[in-house]
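Down below is the structure, laid out as structure tokens.
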Amino acid sequence: SYTTDTKSRDENQKTIESLHGLSVDIRKIRRLKEWVLLQDVAYVEEIAGILQEMGADKAAVASILERCPEAILHTPAEINSQRALWQLVCQSEKQLIKLIEQFPESFFTTEYYENQKANILFFQELGLKNNIITRFLTSAPNIFYNPVEKNKNVIETLQRNYLSLGGSDANMKIWILKLLSQNPFILLNTSTAIQENLEFLQKNDFTDHEVLQLLSKLKGFIFQLSPATMQKSMLFSQNVFKCSNQELKELVLKCPALLYYSVPVLEERLAGLLKEGISVAQIRETPMVLELTTQIVQYRIKKLSASGYDIKSGTLESLNGTKKDFEVNYGKIQSKKERPIFNPVAPVNIED
């Protein structure tokens, strides 16, 4: 920690004054990235000017510089190059400044400019829509830091495997684009890791068609695993459900989470279900409940119980699915339970 005197001696006073002039909260920068204020050269007014040119108001400029103060260390030329680059995929400057406000760190990472440009052009050639590419730029910027050859290599490995697993030429492009848009982080894997994971599934008697099915169901997350972790998860499930290899395979196809989640996660979720009085047999019948966190399961059981639905004797299907799926199921259970207070066609009881 610095004393006030040390601060005034070490910090670049011109930078401080310029930031003050833009109503930037200097305390936030001191707390998060004080090193920025110690640099001899900064381009505060210039970077603020570029942002304002793009349509950012005073409050937006202050917010961007508070959250990503290192922006002021880039030269105006670097930022203008980055601006032109992002405009290749943004519909307008209005959209671009909105993205910068939300994800300033992604925009102000200029060190990989050449790789970013080559990858944007490659993704466009591949057929990815610009709105998907902008989503990648903001939520998965690391994939643009790879040399384009590395990303091409991963895509070629996926294409080759898709065809060798029985996928058709006609559907390959759609499959690749869907997989990428669901999980762009596939590109951070190596071609070797992708190959090893697919071979692991084949060695465990999954047919080519079933491997393709798993790839689509897991949205490519399978490539972020390793044969060792998948093996452990499968062994854990086999021990819990006391099933044969074939039965285990059927369970995994029904619920790929048994392959994807690590043993500690599966253990915790299983324990949470058993604690609620649910049996292993019920879980084996509907293994998809293991895709839900313990908190979600507890909330849903509580809500169903309040409606008089006994989860211990019923099916677990009503617990399953997304929040929307659950609300639909819950609504059906509620409507079955509720009856009209007065039925105009019912016979009148004279004594009443």
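Summary of computed values
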{"quantity": "Unique match (being aromatic (Phe, Trp, Tyr) and within 25 Å of VAL265 (Cα to Cα)) among PHE136, PHE200", "calculated": "PHE200"}
{"quantity": "Output for the stretch 84-97, where each listed residue is open to solvent by 30 Å² or more (accessible area, probe 1.4 Å) and within 18 Å of ILE64 (Cα to Cα)", "calculated": "GLU93, LYS94, GLN95"}
{"quantity": "Residue list for the stretch 122-157, restricted to those being hydrophobic (A, V, I, L, M, F, W, C) and either at positive phi or not in a helix (DSSP H, G or I) (or both)", "calculated": "LEU128, ALA140"}
{"quantity": "Candidates ASN189, ASN183 - the one that is open to solvent by less than 10 Å² (accessible area, probe 1.4 Å), more than 16 Å from GLY167 (Cβ to Cβ) and within 18 Å of the chain's Cα centre (by Cα)", "calculated": "ASN183"}
{"quantity": "Residues located in the stretch 192-216, provided they are surrounded by fewer than 17 Cβ atoms within 10 Å (Cβ to Cβ), among the polar types (S, T, N, Q) and either in contact (Cβ under 8 Å) with a residue 40 or more places away in the chain or under 29 Å from PRO147 (Cβ atoms) (or both)", "calculated": "THR192, GLN195, GLN213, SER216"}
{"quantity": "Criterion (crowded, with 17+ Cβ neighbours inside 10 Å, among the aliphatic types (A, V, I, L, M) and assigned to a helix (DSSP H, G or I)) met by exactly one of ALA71, ALA42", "calculated": "ALA71"}
{"quantity": "Residue in the stretch 203-244 that is farthest from the chain's Cα centre (by Cα), counting only those that are of a type in the set (Val, Ile, Thr) and either over 22 Å from PRO264 (Cβ atoms) or in a loop (DSSP other than H, G, I, E, B) (or both)", "calculated": "THR207"}
{"quantity": "Residues of the stretch 316-333 satisfying the condition of being assigned to a loop (DSSP other than H, G, I, E, B) and open to solvent by less than 70 Å² (accessible area, probe 1.4 Å)", "calculated": "ASN320, GLY321"}
{"quantity": "Residues within the stretch 126-157 that are charged (D, E, K, R) and either in contact with a Ser or Thr (Cβ under 6 Å, 6 or more places away or on another chain) or under 20 Å from LYS173 (Cβ atoms) (or both), tallied", "calculated": "4"}
{"quantity": "Residues being open to solvent by 10 Å² or more (accessible area, probe 1.4 Å) and not hydroxyl-bearing (Ser, Thr, Tyr) - total across the stretch 98-125", "calculated": "15"}
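To keep it simple, each residue is scored yes or no on (1) modelled with pLDDT of 95 or more; (2) more than 29 Å from SER181 (Cα to Cα); (3) not basic (Lys, Arg).
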position	(1), (2), (3)
HIS20	no, yes, yes
SER23	no, yes, yes
LYS33	no, yes, no
VAL61	yes, yes, yes
PRO69	yes, yes, yes
ILE72	yes, yes, yes
LEU85	yes, no, yes
THR109	no, no, yes
LEU121	yes, no, yes
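The values are calculated or read from the model by the stated rules, or taken from the named source; none is laboratory data. The structure displayed is predicted, hence computed values, not measured ones. For neighbour counting, all protein chains shown are included, and Cβ atoms are generated from backbone atoms with ideal geometry for every residue, glycine included. Just so you know, the surface numbers come from the protein's heavy atoms only, side chains and all, with ligands and any DNA or RNA stripped out. Shrake-Rupley method; radii C 1.70, N 1.55, O 1.52, S 1.80 Å.
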